Amino acid sequence: MSKKKLIAGNWKMNGSLEANDALVRALAAGTKDVACDVVVCVPAPYLAQVQMLKSGSRLELGAQDVSVHSNGAYTGEVSAAMLREFGVRYAIVGHSERRQYHGETDALVAEKARTALAHGVTPIVCVGETLAEREAGQTGEVVKRQMAAVIHVNGHCISEIVVAYEPVWAIGTGQTASPEQAQQVHALLRQQLAAATAHAERVHLLYGGSMNAANAASLLAQPDIDGGLVGGASLKAPDFLQIIAAASASAPAAGRTN
């Protein structure tokens, strides 16, 4: 059997009560009959609002981060158990912006993934290289190192995660890895996962570098690209719905049905 494509929207630090209401209602109405899974990863203050707005729809709720701690004196942190209370199914961990601006290490990202899994939240683990690393020919080395840390900590349940390849040089820049460049890295990640689990095909590998309505179909047609982690385009209902339509129309990814 084949698994559905997965399209996840990352709102980043954007949104308002009014804008969220219009966006989620439009997405709920436009995804009633889609053949892929759709997630919206929203800022923590809006989880309750979006949980209510998406009720009865095909949309799943995601968070943009999760604390490695269960509870305690960690001001500003949000635990996986708290996220679960709001119906959160997914949480982004290790986004390049968290790594760059908040100093998150490979080891911390791996622990966040483990914490999420322990509470029934699927981590969307982000990996990717900077422009300098790509130009130095280090893309494979970097993404394999980042992925290895997650495999080391979560080995027995690594097939339960989602991985998002996000070339840092293509995030929010309008630049995009070519379908062939993206596929090359996705294939490398699949091979690495296959060495760690017999169920590597279950893992959704998402492309996360400026996927938009214009390039989604060509990216999603690649054999190891199982969906997308979408930034700016996920804030515009027509654009996001077009990406979702492309995922629904593309050939199913290899693996099992979710």
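Every number here is computed from the coordinates shown, using simple stated rules; none is lab data. None of the values given here were measured: they were computed from a predicted structure. Here Cβ is always computed from backbone atoms with ideal geometry, including for glycine, and neighbour counts include all displayed protein chains.
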- [ ] For each of 143, 42, count neighbouring Cβ atoms within 10 Å of the residue's Cβ, then give the residues from fewest to most.
- [x] 143, 42
Open item on the list: Just to confirm my numbers, what's the Cα centroid distance between region 42-110 and region 185-207 in Å?
Closed with: 24
Open item on the list: Could you check the spin-label model distance between residue 105 and residue 33? Points 7 Å from the Cα along Cα→Cβ, value in nm.
Closed with: 5.2
TODO: Grab every C-alpha pair in the chain, bin the distances at 10 angstrom width from 0 up to the longest one, and report whole percents.
DONE: 7, 34, 39, 18, 1
Task: Fully extended contour minus Cα-Cα distance, from residue 14 to residue 249, at 0.36 nm per residue - done: 81.7 nm
Open item on the list: My understanding is that a pair violates if its Cα-Cα distance is over 24 Å; which of 54/112; 12/54; 112/236 do that in this structure?
Closed with: 54/112; 112/236
- [ ] With a length cut of 15 Å (Cα positions projected on each helix's long axis) and a Kyte-Doolittle mean of at least 0.5, go through the chain and give me the DSSP H helices that pass.
- [x] 17-30, 237-249
- [ ] Only loop residues by DSSP count here, and only those with at most 12 other Cβ atoms within 10 Å; note down the trypsin sites (Lys or Arg not before Pro) in region 162-258 that meet that.
- [x] 256
Open item on the list: Per DSSP helix of 4 or more residues, -39500 (n - 2.57); summed, then divided by the residues of the chain. What does that give at 222 nm, rounded to the nearest 500?
Closed with: -11500 deg cm²/dmol
Open item on the list: Out of the trypsin sites (Lys or Arg not before Pro) in region 7-78, which ones are loop residues according to DSSP with at most 10 other C-beta atoms within 10 Å?
Closed with: 32
Task: Beta bridges by DSSP in the chain, antiparallel share as percent, to the nearest 5 - done: 5
